[in-house]
Amino acid sequence: MAKVGFIGLGLIGKPMCANVVKNNHDVIVWNRTASKMTDLVELGASVGSSPAEVASNSEIIITCVSDSPDVENVILGEDGVIAGVKSGSVVIDMSTISPSLTRTIASKLKSAQVEMLDAPVSGGVNGAEAGVLSIMVGGNKAALDKCLPVLNCIGTKITHCGENGMGQVTKLANQITGMGNMAAMCEGLVFAAKNGADLNAVIEAISGGAANSWMVENLGNNILEGNFDPGFMIKLAHKDLGLVLDSATEKDLSLITTPLVAQMFRAAMVSGFGENGINGYIKVLEQLSNVEARSKK
């Protein structure tokens, strides 16, 4: 079994880490909010005093935090991973961050004889709890092969996407597609509601045709039931789309739909829905159209 360090125990990170512990790996954890470590200690994990200490006691170090500056801090900052990591270790960043920053961090770790994998995930809290996430990996293939026994505890579809940064590029392409699907579904439901349609019938019909998607199947009925519990929060979706737009600017790339979807997520945050699940996007459309898209059951 591998000696694994796990840094970042949020909505996604904590159940991911729990699955690694449950598969009998030797796990040491660190999180800024110490209370989030308690359940994992009860499962059998130990606690480090800093990212550096976690790294010094691990051969595979996983980070899963909110944003680019957080990853940079826990890996390269004072008392960060790089201060304790041993030559020959692998750092796996499973956050969603800037591809260009990923390449910078990977280069600095390489100077310390440490490989980095960028391995963001898709599938939300439910996927994390069930250990069935999709994992998009950039970096050295041999390093990925070394880490597969750990990553297989977390996800069932692990795709090697190329060199460092390409895992993040793939994840951002996933976010463009997924959030666009979410936006379209919400508009469809608001359109149907304004016209007096049976929304249960609408979801049933859409889910059986060419417009079906993961969003329709997993979050459509949640909207009708008024369930906006976060599997993935609006504020994080907005952050990810900001990364898309920043990367598009770096590459002199024109995107048409994504900036509009990003602005709607911003509107949802300004309206106080930032900690709702991403299906809370519909609340802004409902306010604009003076209609509520809920089931009549």
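Some notes on this structure:
- Point-charge dipole on Cβ atoms (K/R +1, D/E -1) for segment 61-171, about Cα centre, debye to 20: 380
- Within the chain, helix-based [θ] at 222 nm, where runs of 4 or more DSSP H residues each add -39,500 (n - 2.57), nearest 500: -15000 deg cm²/dmol
- Calculated FRET efficiency, SER100 to GLU42, Cβ-Cβ distance, R0 = 35 Å: about 0.35 to the nearest 0.05.
- Electrostatic dipole magnitude of the chain [Cβ: Lys, Arg +1; Asp, Glu -1; Cα centre; debye, to 20]: 160
- Taking a straight Cα-Cα cut-off under 15 Å and skipping sequence neighbours fewer than 8 places away in the same chain, the aspartates and glutamates within cross-link reach of LYS171 are ASP67, ASP93, ASP118, GLU163, ASP240, ASP246.
- Put simply, the C-alpha atoms of segment 5-93 give a gyration tensor, and the ellipsoid matching it has half-axes of 18, 15, 11 Å, longest first.
- Coil-residue GluC sites (Glu not before Pro) of segment 1-90, DSSP, other Cβ within 10 Å capped at 16: GLU78
- Figure note: SER87, SER134 ranked by solvent-accessible area, largest first, 1.4 Å probe, ligands and nucleic acids not counted: SER87, SER134.
- Relative to the longest principal axis of the Cα atoms of the chain, the long axis of helix 257-270 lies at roughly 90 degrees.
- Partners for LYS146 among lysines (Cα-Cα distance below 19 Å; same-chain residues under 8 apart left out): LYS3, LYS86, LYS110, LYS157
- Largest first and in whole Å, the equivalent-ellipsoid semi-axes of segment 1-159 read 20, 18, 15, each the square root of five times a Cα gyration tensor eigenvalue.
- Carbon and sulfur %, accessible surface of the chain computed with the full protein complex present, 1.4 Å: 51
- Charge-dipole axis of segment 62-118 as Lys and Arg at +1 and Asp and Glu at -1 on Cβ define it, positive-most pick from SER98, VAL85, PRO69: VAL85
- Segment 1-89: antiparallel DSSP beta bridges as a percent of all, rounded to 5: 0
- Structure-derived Rg/Rh (Cα atoms, Kirkwood Rh): which label, when the choices are [x] 1.08; [y] 1.01; [z] 1.05: [y]
- Taking only the alpha carbons of segment 199-286, we obtain Rg and Dmax values of 14.4, 44 Å in that order.
- Total charge dipole magnitude, segment 178-297, about the Cα centre, Cβ charges on Lys, Arg, Asp, Glu only, Debye to nearest 20: 220
- Taking trypsin sites (Lys or Arg not before Pro) across segment 1-57, the ones in a DSSP loop with at most 14 further Cβ atoms lying within 10 angstrom of their Cβ are ARG32.
- P(r) of segment 83-226 over all Cα-Cα pairs, binned every 5 Å from zero, in whole percent: 2, 9, 16, 16, 14, 11, 9, 7, 6, 4, 2, 1, 0
- Among LYS239, LYS14, LYS157, residue whose mean-square fluctuation peaks in a GNM of the chain (springs only between Cα atoms under 10 Å): LYS157
- With all protein chains kept in place, the per residue accessible area of the chain amounts to 44 square angstrom at a probe of 1.4 angstrom.
The values are calculated or read from the model by the stated rules, or taken from the named source; none is laboratory data. All values derive from a computational prediction rather than experimental measurement. Here Cβ is always computed from backbone atoms with ideal geometry, including for glycine, and neighbour counts include all displayed protein chains. When the accessible area is computed, the model is the full protein with side chains, heavy atoms only, and any ligands, DNA or RNA have been set aside. Shrake-Rupley method; radii C 1.70, N 1.55, O 1.52, S 1.80 Å.
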